[in-house]
Amino acid sequence: MTCWLKYVPDVKRYLKQYKLNDSQAGYILEGIEKEVGHNPELIKAVVDFEKKNLIKRLKRKGKEKAKDKVEMAYV
């Protein structure tokens, strides 16, 4: 089990106004894990520190996926 799964409810609570599903919260937490490593305490600290700004991580992830799709279309 990945260490960030237990923080999905926290992310969803902080971003309640955006009505995130579990997979979107997971994308946010995966990005945090890539930055700070496999350390549950650090992941929780980042989640608590950023709170409402966590949505920016999801938007950035969406832009990266769109960019990857465009690049694959031109290959």
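Miscellaneous remarks
- Any hit, the range 47-69, residues being of a type in the set (A, V, I, L, M), at pLDDT below 90 and out of contact with any Leu (no Cβ under 9 Å at 6 or more places or on another chain): yes
- Selection count where residues are of a type in the set (A, V, I, L, M, F, W, C), surrounded by fewer than 17 Cβ atoms within 10 Å (Cβ to Cβ) and outside any helix (DSSP H, G or I), scope the range 1-53: 1
The values are calculated or read from the model by the stated rules, or taken from the named source; none is laboratory data. Quantities reported herein were computed from a predicted structural model and do not represent experimental measurements. All Cβ positions, glycine included, derive from the backbone under ideal geometry; neighbour counts span all protein chains shown.
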